[in-house]
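Asks: Okay, handing you the structure first.
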Amino acid sequence: MFSRRTIQALFDGVSPLLPGSDLGELTAKLNNPSERLAATWEIAVCYGLSRIGGISYQVVLPSGKKPDVSFTPRGSAEISFIADVTVISDDGYHKDNQISAFSKDFATVVRKFGMDPNHFYFEVGSKRLGSKVQLLIPKPNDRMARIRRHLHPFMHELKRSSRARHEMAVAEPDFAMTVRYNRQQPYMGSSYRMYNQARSINQNPLWNRLETKADQLRAANGLAGVIVCDGGSSLLSGNAGRDIGSFSADDIIRKFLRTNSSVDFVCTITSRRRHGLSRDCQFISHTWTRDPAARHLVEPVMGAMLASLPPPIFDAQNAAIQAEQKGYDYWSGADFSFGINGSGIVSISLSARRLLEILAGMHSPAEIDVICGGPIAEIPGAPNPFKRVLAKGQLITSISVEPVSGKDDDQITIRFGQADPAVSLFRATRVEDTTKD
């Protein structure tokens, strides 16, 4: 949800409250792409609660279990609770239905025939396996071979006949799709049944995680709850409609609280993009309690906790993707721009990280031209502004560094003076004679 700088600031803020062993464990998780998002949510929740009250991290229960956090409001004992922070995602669904990898392989085969994948559309079949939907696409070990086997004859026919439209179908027990070609189609398209929905109320990622956490909280005294954070889950994101017969997070949590006495409340948190022009992200939280009276105590604490956090810059789905990046490239830095007046360019602003990469020799001259808005065949634009100011004999007069709020970058602004005779032709300049006889 946050930039790396913000994550580090939150971690620094909560670190004094953590034992050394837990500090080392969380550090290792933050530096592991597969565990980074879960650690970020845990740190964010602990940080937010620590701003509005007192917390203890991983307090040992009589059972020997160690829930993530115990909380007591500052200056009030009206409510205190123990909670476990957890993250759910659709990773299991995606692993069983690798439609993105299938789509990439499909496009690769099309390109090898010298054709544009944007003119193709494919529709994938599916079947039910118990409470799950299974897309009928080949397994990874023979996916490319199966695509080639069926698509090659179709592609040969298109090349031979020069048709503007064509269609083919594959109908096998484990591979079913219809492919349509339309030369006028501007973008590649696909359709398939939604496979990441809860079609069983007690066999889905949310229920499974709540059951695990209920065991963790079984020996807790007082209010005990689970804070469920969005790691890329369709149940929490609310980005897609539901099929008839599928269950929502509300359905699942209400039934879970009715049937489990060791959990008193469940709170869900996700990050979503706002509607409208700004498209900024915001936290969305919902709270459920077994005892209706407890909701009016827990819900304000969750709201205050989230209000004490910096605003998110990614929605939950994109945060899950960004967190898994192994390098440091998932940043959104300063835009490239330049200031002009009547005489030409007077300043250039660009990402501090990009400038450092250029100075470190990580970009070729052609890539530098693109970074600076220079023209290439696919991206028309103005000539490299650095070349323009140098050609006019302008030299740098000042360089400033300005932070970009909430981002993993800074903005460098380079200012240029008038033509300098050090790198340009001498010129006549009339100076008014102010001497008097």
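Asks: Mind checking which pairs have a first residue in the range 170-189 that is not assigned by TED's automatic domain parsing to the domain that holds LYS127 and a second that is part of a loop (DSSP other than H, G, I, E, B) and at pLDDT below 95, Cβ under 7 Å, 6 or more apart or different chains?
Replies: Matching pairs, first to second residue: none at all.
Asks: Continuing with the same structure: Examine the range 259-279 for a residue that is among the charged types (D, E, K, R) and crowded, with 22+ Cβ neighbours inside 10 Å, and state whether such a residue exists.
Replies: Pass one, the range 259-279, residues among the charged types (D, E, K, R): 264, 272-274, 279.
Okay, now just the ones that are also crowded, with 22+ Cβ neighbours inside 10 Å, so 264.
Within the range 259-279 (the criterion being among the charged types (D, E, K, R) and crowded, with 22+ Cβ neighbours inside 10 Å), the answer is yes, since at least one residue qualifies.
Asks: I would also like to ask the following. Pairs under 7 Å by beta carbon, first residue exposed (fewer than 14 other Cβ atoms within 10 Å of the Cβ) in the range 393-413, partner outside any strand (DSSP E or B), six or more apart or different chains?
Replies: Listed by first residue and then by second, the contacts come to VAL401/ALA352.
Asks: Output the residue which, of all residues in the range 270-302 that are among the hydrophobic types (A, V, I, L, M, F, W, C) and in a helix (DSSP H, G or I), is nearest to the chain's Cα centre (by Cα). Step through it out loud before you land on a result.
Replies: Here is the first cut: in the range 270-302, the ones among the hydrophobic types (A, V, I, L, M, F, W, C) are 277, 281, 283-284, 288, 293-294, 297-298, 301-302.
Subset that is in a helix (DSSP H, G or I): 293-294, 297-298, 301-302.
Details: ALA293: 36, ALA294: 33, LEU297: 32, VAL298: 28, VAL301: 26, MET302: 23 Å.
Here the answer is MET302.
Asks: Testing GLN8 on (1) without any contact (Cβ under 8 Å) to a residue 40 or more places away in the chain; (2) surrounded by fewer than 17 Cβ atoms within 10 Å (Cβ to Cβ); (3) under 24 Å from THR289 (Cα atoms), one condition comes back false. Which one is that?
Replies: Only one criterion in (1) without any contact (Cβ under 8 Å) to a residue 40 or more places away in the chain; (2) surrounded by fewer than 17 Cβ atoms within 10 Å (Cβ to Cβ); (3) under 24 Å from THR289 (Cα atoms) is unmet by GLN8, namely (3).
Asks: Applying the selection to the range 91-142, what residues are aliphatic (A, V, I, L, M), touching a residue at least 12 places away in the same chain (Cβ under 8 Å), under 24 Å from PRO205 (Cα atoms) and surrounded by fewer than 18 Cβ atoms within 10 Å (Cβ to Cβ)? Step through it out loud before you land on a result.
Replies: First, the residues of the range 91-142 that are aliphatic (A, V, I, L, M): 99, 101, 107, 109-110, 115, 124, 129, 133, 135-137.
Right, trim to touching a residue at least 12 places away in the same chain (Cβ under 8 Å) and you get 99, 101, 107, 109-110, 115, 124, 133, 135-137.
From what's left, under 24 Å from PRO205 (Cα atoms): 99, 101, 133, 135-137.
Matches in the range 91-142: ILE99, ALA101.
Asks: Show me the strands (runs of 3 or more DSSP E) entirely contained within the range 139-226 in which 1 or more residues are out of contact with any Cys (no Cβ under 9 Å at 6 or more places or on another chain) and within 30 Å of ILE252 (Cα to Cα).
Replies: On the way: elements: 165-172, 175-182, 189-191.
Filter on the range 139-226 gives 189-191.
Asks: Here are some residues: THR397, THR413. Which one is in contact with a Lys or Arg (Cβ under 9 Å, 6 or more places away or on another chain), not in a loop (DSSP other than H, G, I, E, B) and not assigned by TED's automatic domain parsing to the domain that holds GLN8? Outline the logic, then answer.
Replies: Numbers: THR413 fails: in contact with a Lys or Arg (Cβ under 9 Å, 6 or more places away or on another chain).
THR397 is the lone residue from the list that is in contact with a Lys or Arg (Cβ under 9 Å, 6 or more places away or on another chain), not in a loop (DSSP other than H, G, I, E, B) and not assigned by TED's automatic domain parsing to the domain that holds GLN8.
Asks: Which residues, taken from the range 117-138, are assigned to a strand (DSSP E or B) and of a type outside the set (Ser, Thr, Tyr)? Don't jump to the end; show me each part of the working.
Replies: Just the residues of the range 117-138 that are assigned to a strand (DSSP E or B), to begin with: 120-124, 126-129, 132-135.
Answer for the range 117-138, where residues must be assigned to a strand (DSSP E or B) and of a type outside the set (Ser, Thr, Tyr): PHE120, PHE122, GLU123, VAL124, LYS127, ARG128, LEU129, LYS132, VAL133, GLN134, LEU135.
Asks: Would you call GLY20 at pLDDT 90 or above, over 23 Å from the mean Cα position of the chain (by Cα), over 29 Å from SER237 (Cβ atoms) and surrounded by fewer than 20 Cβ atoms within 10 Å (Cβ to Cβ)?
Replies: The answer is no for GLY20.
Asks: Continuing with this model, one more query. Does VAL85 satisfy being under 28 Å from ASN196 (Cα atoms), modelled with pLDDT of 95 or more, outside the structural domain of ASN141 (by TED's automatic domain parsing) and in a helix (DSSP H, G or I)? First the steps, then the outcome.
Replies: Numbers: under 28 Å from ASN196 (Cα atoms): yes; modelled with pLDDT of 95 or more: yes; outside the structural domain of ASN141 (by TED's automatic domain parsing): yes; in a helix (DSSP H, G or I): no.
Judged against the criteria, VAL85 is not a match.
The values are calculated or read from the model by the stated rules, or taken from the named source; none is laboratory data. Since the structure is predicted, the reported quantities are computational estimates derived from the model, not experimental observations. In this analysis, Cβ positions are derived from the backbone assuming ideal geometry, glycine residues included, and neighbour counts consider all displayed protein chains.
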